[in-house]
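For reference, the structure discussed in these notes is given below.
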Amino acid sequence: MNLFDFTGKVVVVTGASSGLGADAARAYAAYGADVALLARRKERLETIADEIEGTGKNAIAVQCDISKEESIKSAVEAVLACYGKIDILLNNAGIAFAGSVEDMTTRQWDMAMDVNVKGIFLMCKYVVPHMKTRKYGRIVNIASVNAVIADKDEALVRHAYNASKNAVVGLTTGMAASLAKHGITVNALGPGLFETEMTADTLFKTESFLQMYNSLCPTSRPGRQGELNGPILFLSSDAVTYTTGQFILVDGGMALV
């Protein structure tokens, strides 16, 4: 039995229009899965879906605003109408705002919580009942190393991001404990610094920050494209029948220092 063969499995990936989500969608398909790509930017999703289908795999693009309940409900219904089931849910969509509690706006705080926390809650609200009826499910939540470490440099402070990603870890452990008896595992990953659309125009344009990061990180570099895929596939696979409620850091050892 190949534990990492996803043939016949249906995967939903949120935040799949770029970056780590798009990479993960390609990786799932490469290992045999049928993929549903969710994000707000439909044209970007369709481009990635076409790319995946060009490899002979199945992929659909479903427009979805992860912060809005009706949008999520409709997206899940669309996936079920197309594929008939959902085996794996990768909650990848996220947003980050710079700023401390005294200078960020209430709107920024609410947006961070809506996307990073409420979005996962709502996706699970509509996917978990389906998984429970089938007695099978793999849920992987993308948190962040910033759930457990933070920055003191004022230019890099992101209090709402810290709080929201820490909440993702708490939600993961809570769901894991109650859903295990239904054959559903729930785990989280904490990526360190990767170059994505969200970081390319901010952190990766700050040479002094990259020098500082590289000097502190045990691997002396940020994460590279594809380096999150292995942990994602592992936590989504049938290798984790007895692994749930875990928070695994994929940060090059950054949290060690």
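Every read-out reported here was derived from the displayed coordinates using simple, explicitly stated rules and does not represent laboratory data. From a predicted model like this one, the values you see are computed outputs, not experimental measurements. Note that each Cβ is placed from the backbone with ideal geometry, even for glycine, and that neighbours are counted across all protein chains shown.
Figures for the structure shown
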item: Prolate/oblate/rounded call for the range 46-141, Cα gyration tensor, a/c under 1.5 rounded; result: prolate
item: Between helix 207-216 and the chain: long-axis angle, C-alpha atoms, 0 to 90°, nearest 10; result: 80
item: The chain, dipole about Cα centre (Lys/Arg Cβ +1, Asp/Glu Cβ -1), debye to the nearest 20; result: 840
item: Of LYS42/LYS132; LYS85/LYS165; LYS68/LYS132; LYS135/LYS165; LYS125/LYS152, pairs whose Cα-Cα distance is over 26 Å; result: LYS42/LYS132; LYS85/LYS165; LYS135/LYS165; LYS125/LYS152
item: Karplus (6.51, -1.76, 1.60) ³J(HN,Hα), θ = phi - 60°, over the range 173-185, in Hz, Gly and Pro reported as x; result: 5, x, 5, 4, 5, 8, 9, 4, 5, 9, x, 10, 9
item: Taking the chain and dividing mean pair separation by its residue count, relative contact order in percent (alpha carbons under 8 Å, at least six apart); result: 19
item: Segments 84-92, 229-237 sorted - mean Cβ within 10 Å per residue, highest first; result: 84-92, 229-237
item: Trypsin sites (Lys or Arg not before Pro) within the range 89-195: DSSP coil, no more than 12 neighbouring Cβ in 10 Å; result: LYS135, LYS152
item: Other-chain or far-sequence residues with amide H under 5 Å of ARG158's (modelled H); result: GLY99, ASP151
item: Cα-based radius of gyration of the chain once divided by 2.2 N^0.38 Å, which approximates compact folds; result: 0.97
item: Over the chain: helical MRE at 222 nm, DSSP H runs n ≥ 4 each giving -39500 (n - 2.57), nearest 500; result: -12500 deg cm²/dmol
item: Cβ-based charge dipole, the chain, positive-most Cα from MET123, MET113, SER164; result: MET123
